[in-house]
Amino acid sequence: MIVMKFGGTSVESADAIERVAHIVGSRLKQSPVVVVSAMAKVTDQLVAMGNAAATGDCDSALESLENLRARHLRTAGELLGAKRSASPAPRLEKHFSELENFLRGLAAVRELTPRGSDYLLSFGELLSSIMVADAFAVRGLSAAWVDSRDCLVTDATHTRAVPQMEPTRGRCKKRIVPLISKRKIPVLGGFIAATESGVPTTLGRGGSDYSAAIFGAALDAEAIEIWTDVEGMMTTDPRICSEARTIKRISFNEAAELAYFGAKVLHPATLLPAIHKNIPVYVLNSRNLKSTGTEITAQAPPSRDTFRAITAKRGVSIVNVVASRGVMVHGFLRSVFEALDRHASPVDIVAISEVSMSFTMETKRLPKTLLTELQEIADVNSEDQQAIICLVGEDIHGKPGIAASVFNIIADAGVNIRMISQGASEINISFVVKEEDVPRAVRHLHNHFFPGRRGQSHKKDGAARSRTNGSSTNVFKSRAAAAPSGQELRLLREAKWK
């Protein structure tokens with residue numbers, strides 16, 4: 001049995017869903033379980049509707065809802081034909097009616113809570129998975145729609161829920177395994193889940209990949225396939241460097257690093273369930289079935305290049321916290337880390353001395369209340385519009401002179417480095433530069449460490465659709481001297497993947 005996940009661009013239209021049906025049909029001997037995202041841009045539209053309704057602009061929210069309804073019904077008609085599309089229409093309309101009632105209620109109370117947000121965003125995956133299941137059936141594939149909320153159990157941390165593997169495994173065996181034994185294709189929405197009592201939750205934006213990995217672990221899948229609109233994981237962002245090429249094979253640890261530090265190809269948490277179950281993950285292109293994509297396994301063959309990939313994470317702030325030397329510094333660092341924990345603030349890179357500490361964090365996730373609290377114990381300033389550049393590869397420490405090469409190349413590019421992290425991770429060298437310097441720095445590094453090979457560069461049509469590679473941690477252990485966030489600790493403590 002395999003789990004196949006298709007992203008929003010892979011189900012964005014009738015033609016795209018037609019391709020998905022063809023791909024799934026080619027995997028029937030492997031007993032596929034299919035997980036789909038909302039249609040492209042739908043989640044963003046739902047967010048905009050919720051924000052409009054929460055400010056009292058109900059008319060605008062309902063107008064957007066009508067556009068959403070028209071798009072789904074039109075796509076269903078194109079997929080199924082006029083007569084056949086009448087069958088799923090009542091089920092789709094049921095969800096649209098629920099969504100309309102929710103938006104009207106939201107406009108009345110003018111408050112969108114995290115719990116309400118999870119309920120609102122669940123509609124995208126529900127609608128797309130119903131359409132995909134019906135499209136499969138019309139094309140001779142024995143599909144069965146399954147509500148993910150009946151299978152994937154989480155805690156009640158709304159908008160970033162933590163999966164509970166034991167009850168999830170039990171429900172999957174009860175609701176999904178019997179369908180597989182009857183040679184049916186279960187079709188589920190990604191990203192959405194529910195508490196044990198049935199309250200809807202979500203795994204966070206981009207969580208459909210995560211859902212697929214959770215289902216794969218719960219069902220002891222032979223493989224997990226992530227189908228998207230790019231050729232796989234790339235040696236760098238092809239929008240920055242046209243010579244970027246597909247990584248054929250990569251280790252779990254390397255891919256996890258890349259996923260955390262900005263790669264949009266995979267959700268940062270995706271690999272956790274796969275790692276613990278040792279399930280290979282494949283990143284494949286639904287628009288190019290001839291592409292071999294990227295294979296992610298526990299161990300990968302050594303790369304012919306020094307590094308496996310280079311990535312950049314933009315939208316980062318540096319926070320500098322300096323204690324006065326005239327006061328007792330004992331407990332200073334503990335106070336800073338305790339403040340980070342209280343505000344559930346995940347940091348990327350940390351530099352520490354006796355009386356000072358600098359750390360990086362995504363600007364959008366940097367709470368002003370954290371800065372206010374830190375100002376009570378030290379002098380604090382923050383610098384926005386920064387970026388982390390990360391070079392990932394196995395056994396970096398076993399290759400003398402690598403760090404010197406990296407920083408000499410950056411110096412030759414005329415780029416100033418603000419922070420450096422090396423040593424905390426065996427497979428990653430990270431440093432901070434200004435956002436505006438990212439293209440120049442990445443191009444210089446890629447040209448040096450990935451010399452061109454005929455026939456392997458990434459061509460323009462793929463580059464136009466590609467998304468940035470990034471990274472995670474050794475899963476959280478190799479992160480550059482960083483304190484794990486509360487979310488990461490909960491993932492490690494509570495998920496109980498095994």
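The values are calculated or read from the model by the stated rules, or taken from the named source; none is laboratory data. Nothing here was measured: the structure is a model prediction, and the numbers come from that model. Using ideal geometry, Cβ is built from the backbone for each residue, glycine included, and neighbour counts are taken over all protein chains shown.
General remarks:
- Subset of segment 118-137 [closer than 21 Å to residue 180 by Cβ and either among the aliphatic types (A, V, I, L, M) or not assigned by TED's automatic domain parsing to the domain that holds residue 167 (or both)]: 130, 132, 133, 135, 137
- Criterion applied to 217, 223 was being assigned by TED's automatic domain parsing to the domain that holds residue 129 and surrounded by fewer than 24 Cβ atoms within 10 Å (Cβ to Cβ), and the one residue passing it is 223.
- Filtering segment 156-181 to residues that are out of contact with any helix residue (DSSP H, G or I) (no Cβ under 9 Å at 6 or more places or on another chain) and touching a residue at least 40 places away in the same chain (Cβ under 8 Å) leaves 166, 177, 180.
- Cβ separations smaller than 6 Å between residues 6+ apart or across chains give the following pairs from segment 354-376 residues that are among the acidic types (Asp, Glu) to residues that are in a strand (DSSP E or B): 362/315.
- Residues of segment 275-286 that are part of a strand (DSSP E or B) and of a type in the set (A, V, I, L, M, F, W, C): 281, 283, 284.
- Of all residues making up segment 267-319, the number that are among the polar types (S, T, N, Q) and within 30 Å of residue 351 (Cβ to Cβ): 5
- Residue under evaluation residue 183, criteria (1) at pLDDT below 95; (2) assigned to a loop (DSSP other than H, G, I, E, B), criterion not met: (1)
- Scanning segment 3-55 for residues that are in contact with a strand residue (DSSP E or B) (Cβ under 6 Å, 6 or more places away or on another chain), farther than 14 Å from residue 187 by Cβ and not in a helix (DSSP H, G or I) turns up just one, 7.
Yes/no per residue for (1) surrounded by fewer than 21 Cβ atoms within 10 Å (Cβ to Cβ); (2) among the polar types (S, T, N, Q); (3) more than 15 Å from the chain's Cα centre (by Cα):
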{"site": "259", "(1), (2), (3)": "no, no, no"}
{"site": "270", "(1), (2), (3)": "no, yes, no"}
{"site": "287", "(1), (2), (3)": "yes, no, yes"}
{"site": "319", "(1), (2), (3)": "no, no, yes"}
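- Lone unmet requirement of (1) part of a helix (DSSP H, G or I); (2) surrounded by 20 or more Cβ atoms within 10 Å (Cβ to Cβ) for residue 69: (2)
- Members of segment 186-195 found to be of a type in the set (Gly, Ala, Ser) and either assigned to a loop (DSSP other than H, G, I, E, B) or without any contact (Cβ under 8 Å) to a residue 40 or more places away in the chain (or both), listed by number: 190
- Here 272, 289 are screened, and the one residue that is more than 29 Å from residue 431 (Cα to Cα), of a type in the set (A, V, I, L, M, F, W, C) and outside any strand (DSSP E or B) is 289.
- Only residues that are without any contact (Cβ under 8 Å) to a residue 40 or more places away in the chain and among the charged types (D, E, K, R) were counted in segment 87-115, giving 5.
- Strands (runs of 3 or more DSSP E) fully within segment 296-394 counting 2 or more residues that are under 24 Å from residue 209 (Cβ atoms): 309-322, 356-362, 379-392
- Failed criterion for residue 193 (all others in (1) over 30 Å from residue 443 (Cα atoms); (2) touching a helix residue (DSSP H, G or I) at 6+ places or on another chain (Cβ under 7 Å); (3) surrounded by fewer than 24 Cβ atoms within 10 Å (Cβ to Cβ) hold): (3)
- Of the residues making up segment 143-158, those that are in contact with a strand residue (DSSP E or B) (Cβ under 6 Å, 6 or more places away or on another chain) and β-branched (Val, Ile, Thr) are 146, 154.
- Failed condition for residue 343, given (1) free of Cβ contacts under 8 Å to residues at least 40 places away in the same chain; (2) more than 25 Å from residue 232 (Cβ to Cβ); (3) exposed (fewer than 15 other Cβ atoms within 10 Å of the Cβ): (3)
- Counted residues, segment 208-246 - those being under 20 Å from residue 304 (Cβ atoms), part of a strand (DSSP E or B) and within 18 Å of the chain's Cα centre (by Cα): 1
- Condition broken by residue 137, with the remaining ones in (1) over 21 Å from residue 201 (Cβ atoms); (2) surrounded by fewer than 24 Cβ atoms within 10 Å (Cβ to Cβ); (3) in contact (Cβ under 8 Å) with a residue 40 or more places away in the chain; (4) of a type outside the set (Asp, Glu) satisfied: (3)
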